[in-house]
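Structure first, commentary second.
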């Protein structure tokens, strides 16, 4: 059982600029290294904002956020960007593959951003493990939703991040494809040992996680 | 390296190659802008370079030239100069340009053929068996023809060349050819004594080139010369002559260069408006990269790479096009692009590698400048937009109140700058004011568009215009983006058309006034000819001739004190019978009064001379006439558009008394009522049949010719404006096309609601036409303000001519109609194309 703390949120309060009421209040969360956690909640409750806070993309009004031993809210823009590209992987609901790059190039993007060298075989190997063998030279517009999401997962993992964040990763997929993507995610997360935080409104997605939380009334509550 | 290539493809090459027509449009606009700037620069530079080369070749080893302040030098001065202790040797020369029978002219240089090798090089051909003998060269009219002139005039050794000098035609004999390497390739060389004899100029010289014993003896030489010759001479150096021509043509060249740069600015604006739309579409991609860990600075630099690529591609194409245009310009229009400043310089294209780097750099700078604002606009935020569905939202930007405040501040600043004087003869504050007015117009455009759209009356049963107006009201910033390029270029059109029309209207009124005589006898196309007194005096007694007014014009290398750093452009002196009633009626005195009868020393100075040298009524001038300074009094300031650098009008009898010169170079005939104009005209032609360079014309013909010269001098301006307007129109249509693609889902939804394809086309035509109309109306307003600054500040400070502002309403209305029609037609075609798309697919893509 992993014991090191990967994500620590303590009494975090967040409000949109100019909003009368806070979106999140008194929010606390602790994830151990290697833990696979899911946050459930309906649309608009603040799930994506939670991910933004963890990633250092949004600043809390109050409270403490420490991720992988770093107070992310205290970093300036350039330092935060460097911290993200070294430590974090992201999977978006909309996939967000760059249309002018091939699948292989999209997957290799985090390596390029980190200034690391890579080989075609390295990328091809990961694509193969995600069921995308032979698709390396195709462009995003030539892929199905499931293929695009698997490619996005590959991009999120190519640089071996210590923390993986996923926002509604099956939101744009049909049921069957969503199942296969979830199976894949669980497999690669277990292999990589990365701490994983998924936000979703779908219980079947949250069911795959080790631990589950529900975000309601501005707060996080553990869910059985 | 691999990482760099990947990021280059993702952020620079991929987006450009993904929309090749759009990229080609942007690069093409930059190319056109660079081509205009480069062509104008190279044509002007070629003329100045050719002039400088010619002057340096003419001066040869001599570091100093003695030139006459008046008509010519006394040959006796040569021996005196040679006796100066500072002088190693001195070389006399005659220099003329004579009209050739059959058309064209011939530059002639008369030199001491035996001694001139000491200063200008030995350019004698091989004498003796294979060439002319020296005795041949001493025959009356014998000359050595340059290779260029021989080809141009189609003459070979042994041929006769007929040229006009005064009112007679003189035969010259081509005794031989100058060597191929000789500098005087476009002209001819004669022995100086032969030249003096042939042209009746015994005892006269046009220049004495001096080689000093040491360079530091120049001051001593100047002092000794002044003691001997006084104000009858001036000293010059090759560099000084070139700088003088540079200064004389500076205002014209600066204005053309600025106009070309505005064309490049329009191109930069096209890049800005298209990239704003393009980058807005890719905002989510930028957000993803920020989330993945690309910091803002790195992303900004990569995105600016799009501008660099566009700039490099555009500049390369633009430089090639500019070279071609410059070659055409030099060969077809001359080194002054038709304006008449360098008409006697045979310019050859001269384009250096250093120029290319600078001009190409300007193109890259323009493209990067157009890229900067969209880049900065779209890399804001921390990237959290990627985490949200439908994340590509528009930028909010400054509120309307902020925009209005900025626009007002810009206008105030422009008003302040417009009051500042020129700097070193350049109206830089005026140019800055123009940029600020354009900026104010762009800032206020969304608000103005909204106001115009709101005020537009549209019936509820007219769906297409209703949808179009709703679009403009709902997204005024996006609409303003589409029309901004058209706004800027239409404003430019309004401003330039008004400036030219104002100038032309003033010149036309002036011509109507000054061309008061019925018939004129003058040198055609400005040929330097003169009519001896014995030939023009009898004409006064012809039946039907009420008055005969002879004119004499001189160029004086003299300027009143107070010209500042200007090396001193020559002043023109025109002498006419000032006390003729017709003369008084033909000249507008702006300040002061007409010279008093009986005081021959009272003169009128032109507005340019008065403003340039700070001279006004009551001031005195010491003018070198007939080898001596003559104290003349300024009676008044007159309006003159015939000469740009200072013009003095004096009494003819006074000039004749001062100089002993009774010749005329133009005759004006005032006919008696009922006189047979045609018969007198025919008689004049018969009288001067042996002087083909003289033409007989009436006022209407001279007016037509003068206005044709005026129009030719603005030909390049018209071309530049048309190019800029074309770029603006293309920019607007491209922006509308991009927006139509962006809104394909919205347009498809209209199909679901029952719109037919033609209805979609009609709606888009209305929207594009309204955008064009509103952009044109805004451009009209902005352009009107810019026109006032151009006429009252820029042109006034550049050329020292005060002009009233006159708007060419007919032309502007027609241009606005063309703009609206073009944008509406473009909208129709775009709407039809979008309407034909499968609506189910278009909605699904959303």
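The values are calculated or read from the model by the stated rules, or taken from the named source; none is laboratory data. In this text the structure is predicted, and so the values were computed from the model without any measurement. Using ideal geometry, Cβ is built from the backbone for each residue, glycine included, and neighbour counts are taken over all protein chains shown.
Confirm whether residue B:385 is part of a helix (DSSP H, G or I), under 30 Å from residue B:285 (Cβ atoms), within 14 Å of chain A (Cβ to nearest Cβ) and modelled with pLDDT under 85. Quick ask: steps written out before the conclusion?
On the way: part of a helix (DSSP H, G or I): yes; under 30 Å from residue B:285 (Cβ atoms): yes; within 14 Å of chain A (Cβ to nearest Cβ): yes; modelled with pLDDT under 85: yes.
Here the answer is yes, as residue B:385 does meet what is asked.
Considering B:627, B:616, which residue is touching a helix residue (DSSP H, G or I) at 6+ places or on another chain (Cβ under 7 Å) and under 18 Å from residue B:557 (Cα atoms)?
So the residue among B:627, B:616 that is touching a helix residue (DSSP H, G or I) at 6+ places or on another chain (Cβ under 7 Å) and under 18 Å from residue B:557 (Cα atoms) is B:627.
Return the only residue of B:7, B:32 being in a helix (DSSP H, G or I), within 13 Å of another protein chain (Cβ to nearest Cβ) and touching a residue at least 60 places away in the same chain (Cβ under 8 Å). Before you say what the answer is, go through the steps one by one.
Values: B:32 fails: within 13 Å of another protein chain (Cβ to nearest Cβ).
So the residue among B:7, B:32 that is in a helix (DSSP H, G or I), within 13 Å of another protein chain (Cβ to nearest Cβ) and touching a residue at least 60 places away in the same chain (Cβ under 8 Å) is B:7.
Tell me which of these residue B:180 doesn't satisfy, since it passes every other one: (1) assigned to a strand (DSSP E or B); (2) loosely packed, with under 13 Cβ neighbours inside 10 Å.
Failing condition for residue B:180: (1).
Based on this model, can you work out whether residue A:42 counts as more than 9 Å from every other protein chain (Cβ to nearest Cβ), touching a helix residue (DSSP H, G or I) at 6+ places or on another chain (Cβ under 7 Å), in a loop (DSSP other than H, G, I, E, B) and over 28 Å from residue A:141 (Cα atoms)?
Working: more than 9 Å from every other protein chain (Cβ to nearest Cβ): yes; touching a helix residue (DSSP H, G or I) at 6+ places or on another chain (Cβ under 7 Å): no; in a loop (DSSP other than H, G, I, E, B): yes; over 28 Å from residue A:141 (Cα atoms): yes.
When the stated conditions are applied, residue A:42 does not pass them.
Residue by residue through region A:88-115, note down the ones that are within 18 Å of the chain's Cα centre (by Cα), at negative phi and more than 9 Å from chain B (Cβ to nearest Cβ).
A:91, A:107 - these are the residues of region A:88-115 that are within 18 Å of the chain's Cα centre (by Cα), at negative phi and more than 9 Å from chain B (Cβ to nearest Cβ).
With (1) surrounded by fewer than 21 Cβ atoms within 10 Å (Cβ to Cβ); (2) farther than 16 Å from residue A:16 by Cα; (3) touching a helix residue (DSSP H, G or I) at 6+ places or on another chain (Cβ under 7 Å); (4) facing chain B (nearest Cβ under 10 Å) as the list, and residue A:36 as the residue in question, which single condition is left unmet?
All conditions are met except number (4).
Do you know which residues across region B:291-303 are facing another protein chain (nearest Cβ under 7 Å), crowded, with 23+ Cβ neighbours inside 10 Å and part of a helix (DSSP H, G or I)?
Of everything in region B:291-303, those that are facing another protein chain (nearest Cβ under 7 Å), crowded, with 23+ Cβ neighbours inside 10 Å and part of a helix (DSSP H, G or I) turn out to be B:291, B:292.
Could you grab me the full set of residues in region A:152-164 that are under 18 Å from residue A:130 (Cα atoms) and either free of Cβ contacts under 8 Å to residues at least 24 places away in the same chain or in contact with a strand residue (DSSP E or B) (Cβ under 9 Å, 6 or more places away or on another chain) (or both)? Let's see the steps before the verdict.
Kept after step one, since they are under 18 Å from residue A:130 (Cα atoms), are these residues of region A:152-164: A:152-161, A:164.
Correct list: A:152, A:153, A:155, A:156, A:157, A:158, A:159, A:160, A:161, A:164.
Could you list, in sequence order, the residues of region B:76-94 that are under 17 Å from residue B:230 (Cβ atoms) and touching a helix residue (DSSP H, G or I) at 6+ places or on another chain (Cβ under 8 Å)?
Within region B:76-94, B:77, B:80, B:81, B:84 meet the criteria.
When you scan region B:602-698 for strands (runs of 3 or more DSSP E) that lie fully inside it, which ones turn up with 2 or more residues that are within 26 Å of residue B:234 (Cα to Cα)?
B:602-606, B:620-625, B:628-638, B:647-651
Is at least one residue of region B:256-269 within 14 Å of chain A (Cβ to nearest Cβ) and under 26 Å from residue B:737 (Cβ atoms)?
Here is the first cut: in region B:256-269, the residues within 14 Å of chain A (Cβ to nearest Cβ) are none.
Scanning region B:256-269 turns up no residue that is within 14 Å of chain A (Cβ to nearest Cβ) and under 26 Å from residue B:737 (Cβ atoms).
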